[in-house]
Amino acid sequence: GDEDTIEQWRCQLNSAYAGYPWLQNPRATIDVSKYDDVLKYIEDVALDELCANFTDFELYLKEQNPDITYPTDMTIARISSSVNQYSQFILDHYYPEVDGEGETITLTEWVEATVQCKNLKDSRRYSYYH
């Protein structure tokens, strides 16, 4: 399920980039030459599975890290924190516990989409920046 996707993305990233010093030390900066590859990997293994908009996530990532030079000072620790927070927003959007603030999709919409992103209208997908 979607919660498994959130829990497993980091393990998959660790396997894909094992041996890189910035992965072994999560506070070390990511090689600029690998930065786009890392984000693309995260998009493929986590964000796409959650019907997330990658451009929206990248804006969120930058906003959550205003104290660094982007992307040269980005670390796996910062990315992990942002992915986890953003993923929680997505889960709250697709699986609201109660009717609260903000616009969430209904269970009917999600079922009709057969839990596949391609079947969900773009306007109903999660976006941090509405």
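Summary table below
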quantity	calculated
Residue in the range 21-29 that is over 14 Å from the mean Cα position of the chain (by Cα), open to solvent by 70 Å² or more (accessible area, probe 1.4 Å) and in contact (Cβ under 8 Å) with a residue 24 or more places away in the chain present	yes
Answer from Ala46, Ala113, Ala52 - the residue that is open to solvent by less than 40 Å² (accessible area, probe 1.4 Å), modelled with pLDDT under 95 and either farther than 27 Å from Asn14 by Cβ or not aliphatic (A, V, I, L, M) (or both)	Ala113
Options Leu91, Leu59; residue that is at pLDDT below 95 and outside any loop (DSSP other than H, G, I, E, B)	Leu91
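The values are calculated or read from the model by the stated rules, or taken from the named source; none is laboratory data. Please read these numbers as outputs of a predicted model, since none were measured by experiment. Glycine also receives a Cβ, built like all others from the backbone with ideal geometry; neighbour counts cover every protein chain displayed. The accessibility values were calculated without ligands, DNA or RNA, using every heavy atom of the protein model including side chains. Shrake-Rupley method; radii C 1.70, N 1.55, O 1.52, S 1.80 Å.
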